[in-house]
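K.L.:
Below is a structure I'd like to ask you about.
The values are calculated or read from the model by the stated rules, or taken from the named source; none is laboratory data. As the structure is a computational prediction, the values presented were derived from the model and not from experiment. Cβ sites come from the backbone with ideal geometry, for glycine too, and all protein chains shown count toward neighbours.
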Amino acid sequence: MKYLFKTAAVMLGVVGMSAMAQADIKPAVVYDLGGKFDKSFNEGVWNGIQKFQNETGIEVMEFEVTNEAQREQAMRRMAERGATVILGVGFGQADAIATVSAEFPETQFSIIDVSWLSGDNLRQYAFKEHEGSYLVGVAAAKASQSGKVGFVGGMDIPLISRFACGYKGGVKSVNANADVYENMTGTTPSAWNDPAKGAELTRSQIDRGADVVYHAAGGTGAGVIQAAADAGKLAIGVDSNQNGMAPGSVLTSMLKRVDVAAYNTFIDAYNGEFTSGVNILGVAEGGVDWALDENNASLITADIKDAVESARADILSGKVSVHDFMSDSNCPY
């Protein structure tokens, strides 16, 4: 998969003031709870920003929120300091970016995991997480010896249920009789940064027979991966490539290319090509995938690889349509 792709998206107009001189760009990012080095969602964004900084030599202003109230304040302060393009990380920043982008119509804004806002100066990225989760579900079912696998989510919200449902669909496509255990870490934003709870839930699922556990839990996922490794079982990472967090114990990772969304936001602004609108990214657009590298190569048999690539081809061809939990708040698998 190419690192940089042109998003096949619904583009809702071009921001007229985006044709600024490259030297005038002042980019900024507001990371969400968990910090930019969470080894998951935020860090994926940071990787894209690092790529932009390395290529252009332009420093990106950063702020890591530690509580929800800081989001709007941080964005407004950056705009007041002259930021020309501001990236908000995560759906939790939707209200803040809607407010601040309206206050600063000459500033460009972009947000990840949001698709329902409006604004001529606002770009939005949403992902088909259910498609990527389906792929790793196929891998989990193929790797499982017990016919029992697990899922640990972060905050109990429809977005995370989308991950869980897609995963279950992939598992059931291989083994209709498989048991899929599912737990959410909590109902507040602290659920994204609770490795101890993630480890506890993982151990509980392993005690029930699960031998592969997939997480979609941000920083909490570090506990999931460690608990699985300690028990001699397999974990599946998310967002960033987490295979290297416990080499030989992470079956694969569901790649959600927030790094590319971040990079594209800033490089497009840098090149005077920033556009507003909604970008929805799935398997076909290179927005989600699975990770195969030296850290998990010994775990991925030819049978597993063939099954995942076959599922990927079926999604691309339309033979398989992975159900989106967020379309009807239901999981049919």
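K.L.:
Can you go through 55, 72, 68, 64 and tell me which one is in contact with a strand residue (DSSP E or B) (Cβ under 9 Å, 6 or more places away or on another chain) and among the charged types (D, E, K, R)?
P.N.:
Working: 55 fails: in contact with a strand residue (DSSP E or B) (Cβ under 9 Å, 6 or more places away or on another chain); 72 fails: in contact with a strand residue (DSSP E or B) (Cβ under 9 Å, 6 or more places away or on another chain); 68 fails: in contact with a strand residue (DSSP E or B) (Cβ under 9 Å, 6 or more places away or on another chain).
Exactly one of 55, 72, 68, 64 is in contact with a strand residue (DSSP E or B) (Cβ under 9 Å, 6 or more places away or on another chain) and among the charged types (D, E, K, R), namely 64.
K.L.:
Which one of these does residue 225 not meet: (1) buried (at least 24 other Cβ atoms within 10 Å of the Cβ); (2) farther than 21 Å from residue 132 by Cβ?
P.N.:
(2)
K.L.:
Right, something else. Please find, within the stretch 285-333, the residue that is modelled with the highest pLDDT out of those that are over 17 Å from residue 243 (Cβ atoms) and of a type in the set (Phe, Trp, Tyr).
P.N.:
Going residue by residue through the stretch 285-333, those that are over 17 Å from residue 243 (Cβ atoms) are 285-287, 302-303, 306-307, 309-333.
If we keep only those that are of a type in the set (Phe, Trp, Tyr) as well, we get 325, 333.
On the way: 325: 98, 333: 95.
For the stretch 285-333, the residue satisfying everything is 325.
K.L.:
Suppose we filter 82, 44, 34, 57 for residues that are modelled with pLDDT under 85 and either touching a helix residue (DSSP H, G or I) at 6+ places or on another chain (Cβ under 7 Å) or not assigned by TED's automatic domain parsing to the domain that holds residue 221 (or both); which single one remains?
P.N.:
Numbers: 82 fails: modelled with pLDDT under 85; 44 fails: modelled with pLDDT under 85; 57 fails: modelled with pLDDT under 85.
Checking each option against the conditions leaves just 34.
K.L.:
In addition: Being part of a loop (DSSP other than H, G, I, E, B), polar (S, T, N, Q) and in the same structural domain as residue 160 (by TED's automatic domain parsing) is the filter here, so list the residues in the stretch 104-148 that pass it.
P.N.:
In the first step, residues of the stretch 104-148 are kept if they are part of a loop (DSSP other than H, G, I, E, B); the result is 104-107, 113-121, 128, 144-147.
Imposing the further condition that a residue be polar (S, T, N, Q) reduces the set to 107, 115, 118, 121, 144-146.
Passing the criteria: 144, 145, 146.
K.L.:
Search the stretch 252-271 for residues that are in the same structural domain as residue 42 (by TED's automatic domain parsing) and pair each with any residue that is basic (Lys, Arg) and surrounded by fewer than 23 Cβ atoms within 10 Å (Cβ to Cβ) when their beta-carbon atoms are under 6 Å apart and the residues are at least 6 apart or on different chains.
P.N.:
263/51
K.L.:
Counting residues that are in contact with a His (Cβ under 8 Å, 6 or more places away or on another chain), which strands (runs of 3 or more DSSP E) fully inside the stretch 221-328 reach at least 1?
P.N.:
Working: elements: 234-239, 250-256, 275-281, 288-290.
By residue number, 234-239.
Conditions tested, residue by residue: (1) in contact with a Gly (Cβ under 7 Å, 6 or more places away or on another chain); (2) touching a residue at least 40 places away in the same chain (Cβ under 8 Å); (3) surrounded by 24 or more Cβ atoms within 10 Å (Cβ to Cβ).
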residue	(1), (2), (3)
169	yes, yes, yes
175	yes, no, no
181	yes, no, no
187	no, no, no
196	yes, no, no
199	yes, no, no
211	no, yes, no
218	yes, yes, yes
230	no, no, no
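K.L.:
Turning to a different aspect of this structure: In the stretch 64-89, which residue that is in a loop (DSSP other than H, G, I, E, B) and of a type outside the set (Gly, Ala, Ser) is surrounded by the most Cβ atoms within 10 Å (Cβ to Cβ)? If you could, list the steps in order and put the result at the bottom.
P.N.:
Start the filter on the stretch 64-89 by keeping residues that are in a loop (DSSP other than H, G, I, E, B), which leaves 65-69, 81-84.
From what's left, of a type outside the set (Gly, Ala, Ser): 65-68, 81, 84.
Working: 65: 23, 66: 10, 67: 8, 68: 15, 81: 10, 84: 21.
Looking at residues that are in a loop (DSSP other than H, G, I, E, B) and of a type outside the set (Gly, Ala, Ser), I get 65.
K.L.:
Would you confirm whether any residue within the stretch 297-310 is of a type in the set (D, E, K, R), touching a residue at least 60 places away in the same chain (Cβ under 8 Å) and in the same structural domain as residue 241 (by TED's automatic domain parsing)?
P.N.:
The first filter runs over the stretch 297-310 and keeps only residues of a type in the set (D, E, K, R), leaving 303, 305-306, 309.
Narrowing further to those that are touching a residue at least 60 places away in the same chain (Cβ under 8 Å): 303.
If we keep only those that are in the same structural domain as residue 241 (by TED's automatic domain parsing) as well, we get 303.
Within the stretch 297-310, one or more residues are of a type in the set (D, E, K, R), touching a residue at least 60 places away in the same chain (Cβ under 8 Å) and in the same structural domain as residue 241 (by TED's automatic domain parsing).
K.L.:
Something else: Only one of (1) surrounded by fewer than 18 Cβ atoms within 10 Å (Cβ to Cβ); (2) under 26 Å from residue 117 (Cβ atoms) fails for residue 318. Which number is that?
P.N.:
(2)
K.L.:
Would you call residue 204 surrounded by fewer than 22 Cβ atoms within 10 Å (Cβ to Cβ) and either touching a helix residue (DSSP H, G or I) at 6+ places or on another chain (Cβ under 7 Å) or aliphatic (A, V, I, L, M) (or both)?
P.N.:
Values: surrounded by fewer than 22 Cβ atoms within 10 Å (Cβ to Cβ): yes; either touching a helix residue (DSSP H, G or I) at 6+ places or on another chain (Cβ under 7 Å) or aliphatic (A, V, I, L, M) (or both): no.
Considered against the rule, which asks whether it is surrounded by fewer than 22 Cβ atoms within 10 Å (Cβ to Cβ) and either touching a helix residue (DSSP H, G or I) at 6+ places or on another chain (Cβ under 7 Å) or aliphatic (A, V, I, L, M) (or both), residue 204 comes out as no.
K.L.:
Related question: Is it the case that the stretch 228-244 has a residue that's within 15 Å of residue 150 (Cα to Cα), among the charged types (D, E, K, R) and in the same structural domain as residue 163 (by TED's automatic domain parsing)? Give the derivation first.
P.N.:
Filtering the stretch 228-244 down to residues within 15 Å of residue 150 (Cα to Cα) leaves 228-229, 231-238.
Then keep just the ones that are among the charged types (D, E, K, R); that gives 233.
Still in the list and also in the same structural domain as residue 163 (by TED's automatic domain parsing): 233.
There is at least one residue in the stretch 228-244 that is within 15 Å of residue 150 (Cα to Cα), among the charged types (D, E, K, R) and in the same structural domain as residue 163 (by TED's automatic domain parsing).
K.L.:
Given the conditions (1) surrounded by fewer than 19 Cβ atoms within 10 Å (Cβ to Cβ); (2) of a type outside the set (Ser, Thr, Tyr); (3) closer than 21 Å to residue 228 by Cα, report the number of the one that residue 157 does not fulfil.
P.N.:
(3)
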